[in-house]
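What follows is calculated from the coordinates using simple rules that are stated; it is not laboratory data. These numbers come from a predicted model, not from an experiment. Note: ideal-geometry Cβ built from the backbone for every residue, glycine included; neighbour counts use all protein chains shown.
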Amino acid sequence: MQTDATVLDIPQSDELRFLPEGPIPIRDGVASWVGIQHGASSQVGSINLLEVSGNQSFETKNQSFELPGRPGFAFPCQQQPAGTSLPVRF
């Protein structure tokens, strides 16, 4: 069995590139990843939801949610409500 892999885009900002962790698949085309710390002296990090299009160009869209402290990981811990496509709790 052969599996194809594709390199995804690197985040645009230095803050999101500083100390990333993940990604963790949530569902087809969506993964979560964590920006553990947004810089050497930063007091914040973030959870991020990365959406990847299914077409040949693999375009990505990232939603970032800033958090206090240094989050280390993010796994969905509750099933999403009916009518939504993403988990509501991590």
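Miscellaneous remarks
- Surrounding net charge for GLN37, when Lys and Arg each add one and Asp and Glu each subtract one, Cβ distance under 15 Å: -2
- For region 21-31, 3J(HN,Hα) per residue [Karplus equation, 6.51 cos²θ - 1.76 cosθ + 1.60, θ = phi - 60°, Hz, x = Gly/Pro]: 9, x, x, 10, x, 9, 7, 3, x, 9, 9
- When peptides 34-41, 11-18 are ranked by their average number of other Cβ atoms within 10 Å per residue, the highest-first order is 34-41, 11-18.
- Relative to its residue count, region 1-64 spans a Cα convex hull of 93 Å³ per residue.
- Residues whose placed amide H lies under 5 Å from that of LEU19, excluding near-sequence neighbours: ILE36, GLN37
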